[in-house]
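K.L.:
The structure under discussion is supplied below as structure tokens; questions concerning it will follow.
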Amino acid sequence: MIRVGLTGGIAAGKSTVARRWQEAGAALVDSDALAHQTLAPDTPTWADVVRVFGRDVLNPDRTINRRRLGEIVFPDESKRQQLNQIIHPAVRQMWTAELARLARAGQTEIAVVCIPLLFEVAAEKEFDCVVAVGCSEPTQLARLAAKGFDETQARARIRAQLPVQTKLDRADFVIWNDGSWPVLYRQADIIWQTIKETHHAPTQKA
């Protein structure tokens, strides 16, 4: 089983690439979805977040208000690091366990794990190759604005990650997503095929 790490800048289009590859047959593991699971009410991670950041980060149904939590941690590096130290180990344990399960099952040709902070948490050695998706900062700002973030909030989230160029430089494959969806899909399809050919993925038995 080929293990692919998918990363990139915020609002660069990682999720779109991930869905494209899932449609092509990849097993997809989304670390953001796993992070949501770790913050479910009464989980150990949820309890740690509430203990550190207070009950003001809770919605009425006791779920974590991620927007409110973001307003606390993104402007403050020390608080962001506190949150990362709570969430990242739990998420890493989950995606590592899922990769092991997929490998044991022996039915998956390629597994893609989407991890926005892959390089930041030094996870690149866990994968056969890493793909980074990037776009220009004006594009990031425009896409984040469309999601309801003002410029200050958007820039804080961009600064919270390694520079996009650093991620692109460290990746095995690069996708640049400043253009149209067809251009993005074409790049994703080429890299998908290249990964299969380069790593000699075995043909699955019927």
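The values are calculated or read from the model by the stated rules, or taken from the named source; none is laboratory data. Predicted, not measured: the structure shown is a model, and the values here were computed from it. Here the Cβ is made from the backbone with ideal geometry for all residues, glycine too, and neighbour counts use every protein chain on show.
K.L.:
Any idea which residue in segment 155-170 is surrounded by the most Cβ atoms within 10 Å (Cβ to Cβ), counting only those that are under 26 Å from G70 (Cβ atoms) and more than 17 Å from the chain's Cα centre (by Cα)? First the steps, then the outcome.
P.N.:
Within segment 155-170, the subset under 26 Å from G70 (Cβ atoms) is 155-168, 170.
Filter again for more than 17 Å from the chain's Cα centre (by Cα), leaving 155-156.
Values: R155: 16, A156: 18.
My answer is A156.
K.L.:
Look through segment 126-167, keep the residues that are part of a strand (DSSP E or B) and small (G, A, S), and return whichever of them is nearest to R3 (Cα to Cα).
P.N.:
Looking at the filtered set, the residue picked out is A132.
K.L.:
Where residues in segment 64-105 are in contact (Cβ under 8 Å) with a residue 60 or more places away in the chain and assigned to a loop (DSSP other than H, G, I, E, B), which of them is surrounded by the fewest Cβ atoms within 10 Å (Cβ to Cβ)?
P.N.:
The extreme case among them is P75.
K.L.:
Can you name every residue in segment 21-50 that is closer than 28 Å to Q107 by Cα, more than 12 Å from the chain's Cα centre (by Cα) and outside any helix (DSSP H, G or I)?
P.N.:
Scanning segment 21-50 gives A24, G25, A26, A27.
K.L.:
Next question, about the same structure. Test of understanding: among I72, I64, I86, I110, which residue is aliphatic (A, V, I, L, M), closer than 25 Å to T7 by Cβ and touching an Asp or Glu at 6+ places or on another chain (Cβ under 8 Å)?
P.N.:
Testing whether each residue is aliphatic (A, V, I, L, M), closer than 25 Å to T7 by Cβ and touching an Asp or Glu at 6+ places or on another chain (Cβ under 8 Å) leaves just I86.
K.L.:
Condition first: at pLDDT 95 or above, surrounded by 15 or more Cβ atoms within 10 Å (Cβ to Cβ) and either of a type outside the set (F, W, Y) or more than 16 Å from V17 (Cα to Cα) (or both). Now tell me which residues in segment 171-206 satisfy that.
P.N.:
Scanning segment 171-206 gives A171, D172, V174, I175, N177, L184, Q187, A188, I191, I195.
K.L.:
Could you tell me whether A18 is closer than 26 Å to I191 by Cα, out of contact with any Ser or Thr (no Cβ under 9 Å at 6 or more places or on another chain) and either at pLDDT 95 or above or outside any helix (DSSP H, G or I) (or both)?
P.N.:
Yes: the conditions hold for A18.
K.L.:
Residues of segment 9-49 being within 21 Å of Q85 (Cα to Cα) and aromatic (F, W, Y), which ones?
P.N.:
W46
K.L.:
Looking at segment 156-170, which of the residues that are among the basic types (K, R) and at pLDDT below 95 is nearest to W21 (Cα to Cα)?
P.N.:
Step one: of segment 156-170, the residues among the basic types (K, R) are 157, 159, 167, 170.
Retained after the next criterion (residues that are at pLDDT below 95): 157, 159.
Details: R157: 26, R159: 28 Å.
It comes out as R157.
K.L.:
With respect to the numbered conditions (1) on the phi < 0 side of the Ramachandran plot; (2) in a loop (DSSP other than H, G, I, E, B); (3) within 20 Å of the chain's Cα centre (by Cα), which one is the sole condition not fulfilled by A122?
P.N.:
The number of the failed condition is (1).
K.L.:
For L117, state whether it is within 30 Å of T166 (Cα to Cα), touching a residue at least 12 places away in the same chain (Cβ under 8 Å), in contact with a helix residue (DSSP H, G or I) (Cβ under 8 Å, 6 or more places away or on another chain) and in a loop (DSSP other than H, G, I, E, B).
P.N.:
In short, yes.
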